[in-house]
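One structure below.
The values are calculated or read from the model by the stated rules, or taken from the named source; none is laboratory data. In this text, all values refer to a predicted model and were calculated from it rather than measured experimentally. Quick reminder, even Gly has a Cβ in these numbers, built from the backbone with ideal geometry, and neighbours come from all protein chains shown. These area figures cover heavy atoms from the full protein model, side chains too; ligands, DNA and RNA do not enter into them. Shrake-Rupley method; radii C 1.70, N 1.55, O 1.52, S 1.80 Å.
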Amino acid sequence: MAKKVILTGDRPTGKLHLGHYVGSLKNRVMLQNSGEYDVYVFIADLQALTDNARNPEKIRNSLVEVALDYLSIGLDPAKTTIFVQSQVPQLTELTVHYLNLVTLARLKRNPTIKTEIKERGFGEAVPVGFLTYPISQAADITAFNANLIPVGEDQLPLIEQCKEIVHTFNSIYGDVLVEPEAMLADNKVCMRLPGLDGKAKMSKSLGNCIYLSDDKETVKRKVMSMYTDANHIRVEDSGNVKDNAVFTYLDAFATDEHFKKYLSEYKNLEELKAHYSRGGLGDVKVKKFLVNVLEDILEPIREKRAYYEEHLDLVYKMLEDGSKKARLEAQKTLTKVRDAIGINYFK
Ligand code: TRP
C-alpha cells in the first residue's frame, strides 16, 4: 500500500525559534524518521509575500534562514522533500482553478483570516492575495495528494476550507482531489511554549523568543531575564510553578538524565518543583539548570547550522533539488485537474 502523505510548511518571515521547535519541528523529524510516511516540508514564500509585497528582501533573506533551521534540527533531504513554494508554478495554476470555487463571503468568514486581518489592521484594505491565501494553501495541500497536515489549532479553519474545495471540485469535475485531514499532535509531543516574558506565546512580533540560532551567551542572558513568579521574592518564599515560564520550559525539555548530569541533588522535575513550591529554592539556581538543559538541545543544532552556513551552496542545491521533485509531483495533479475541467484542448 502506498504510504500516507504528510505535508506542512512555514512562512519565511524570520528565523525559527524554540516555540516552533516544540510546537512542530521536533514532531516533523519524528514523523520523517518513522519511515511510515512520504513527507513534504516547504517554505511558503508566496504566502509570506501576501502581506509583505513591499518588503520582498525580508522574505528572500528569511528563506535561507528557515532552510538552515530545517537542516540544523535534522530534517533530512534524503528522507523529506524540502521545497520552495514559488518554485512550483503548478501550485499557482491550481490556485487559479480553485479561486472559482470559493465565495468572497466564505473567505471573509474564515476565523483565522479574520484574526489575521485584524492583527495587521488591514480592514477593507486587505490585499486580495492575502484574503485568498487559504485557497492557495489548498493548492499546496492537494497538489501532493496530502492526507495528513500537521498543524496547530489556529490552522484548522484553513484545513476546513481546503476540504470544502476538494468536495466542491470533486462534485463538479469527478473524483480527482484527495481530502486532507489535520494532524494535531498530542500535548506530550507538541506544546505551545510561552514567551520569555511569560506571555501565552513565543512570537517574533512580541520579541520574547529564543531562536534556534542564538549563541550560548544570548541563550544564557535571555533565560536569566525570564519571568518567573512575581511573588517569589526571597529564596525562602514559596514559589508558584504554574504560570511560571521557567518551569514550563523545564516541562518541555528537562529529562531525568539532565538531572543526573547537571542537578543531581534532585532525581527529577517533580522533586525540583516540590522544593520550589515549599520555599527555599532560588530562581537563579533553576535558571542555571534550564540554561544547561537548553544548551544540550541547542548546541548540536548550532553546530550543524554553522556547517551549513559555511556551505550555503549545499543549502540552495538542496532546495533546488527538492523543488524539482515537487514540480514533477504537482504536475501530475495539475494534469488531472486540467483533464477534469476539460481545458486539455491539444491532447
Ligand atoms: N499557513 C501556514 C503558516 O502560516 C503555512 C502553510 C502554507 C501551510 N501552506 C501550507 C501549512 C500547507 C500546512 C499546509 O504557518
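Annotations for the structure displayed:
- Once both labels are positioned 7 Å from their Cα atoms along Cα-to-Cβ, the gap between Asn170 and Glu57 label points is 4.7 nm.
- Calculated from backbone phi, Karplus (6.51, -1.76, 1.60) coupling profile of the range 254-261 in Hz, x at Gly/Pro: 6, 10, 4, 4, 4, 5, 4, 7
- Considering helices alone, the calculated mean residue ellipticity of the chain at 222 nm is -16500 deg cm²/dmol, with DSSP H runs of length four and up weighted by -39500 (n - 2.57) and normalised per residue.
- Under 5 Å, built H, 5+ apart or other chain: amide partners of Thr80: none
- Nonlocal amide H pairs with Met183, under 5 Å, H built at 1.01 Å: Ile149, Val151
- Karplus (6.51, -1.76, 1.60) ³J(HN,Hα), θ = phi - 60°, over the range 105-114, in Hz, Gly and Pro reported as x: 4, 5, 4, 5, 7, 4, x, 5, 5, 3
- Applying both filters, DSSP loop and at most 12 other Cβ atoms within 10 Å, to the trypsin sites (Lys or Arg not before Pro) of the range 29-105 gives Arg54.
- Where labels lie 7 Å past Cα in the beta-carbon direction, separation of Val96 and Thr335 in nm: 1.9 nm
- Pairs from Lys26/Lys324; Lys114/Lys199; Lys58/Lys163; Lys201/Lys261; Lys260/Lys288 whose Cα-Cα separation, in the structure shown, is over 24 Å: Lys26/Lys324; Lys58/Lys163; Lys201/Lys261
- From phi via Karplus (6.51, -1.76, 1.60), per-residue ³J(HN,Hα) for the range 297-306 in Hz, x at Gly/Pro: 7, 7, 4, x, 5, 4, 5, 5, 4, 4
- Fully extending the segment from Glu265 to Lys324 would add 15.9 nm, taking 0.36 nm per residue of separation and subtracting the current Cα-Cα distance.
- Label reach from Ser277 (point 7 Å along Cα→C-beta): in the range 187-216, no amide nitrogen lies under 12 Å.
- Once the chymotrypsin sites (Phe, Trp or Tyr not before Pro) in DSSP loops with at most 15 neighbouring Cβ atoms within 10 Å are cut out of the chain, the longest remaining piece is 123-344.
- Electrostatic dipole magnitude of the range 216-306 [Cβ: Lys, Arg +1; Asp, Glu -1; Cα centre; debye, to 20]: 340 debye
- Neighbour net charge for Ala2 - beta-carbon separation under 12 angstrom, K R +1, D E -1: 0
- Shown for the range 216-306: the carbon plus sulfur share of the solvent-accessible area, taken with all protein chains present and a 1.4 angstrom probe, equals 50%.
- For His17, the residues whose modelled amide H falls within less than 5 Å of its own, excluding neighbours fewer than 5 places apart on the same chain, are Leu212.
- Debye, to nearest 20: dipole size of the chain, +1 on Lys, Arg Cβ, -1 on Asp, Glu Cβ: 360 debye
- Full extension of the segment from Tyr345 to Asp296, taken as 0.36 nm per residue of separation minus the current Cα-Cα distance, would add 11.7 nm.
- Under the combined filter of DSSP loop state and at most 12 neighbouring Cβ atoms within 10 Å, the range 1-102 retains these GluC sites (Glu not before Pro): Glu36.
- Cα lying deepest toward the dipole's positive end in the range 216-306, options Asn231, Ile301, Val246, charges on Cβ: Ile301
- Surface accessible to a 1.4 Å probe, per residue, for the residues of the chain, Å²: 50 Å²
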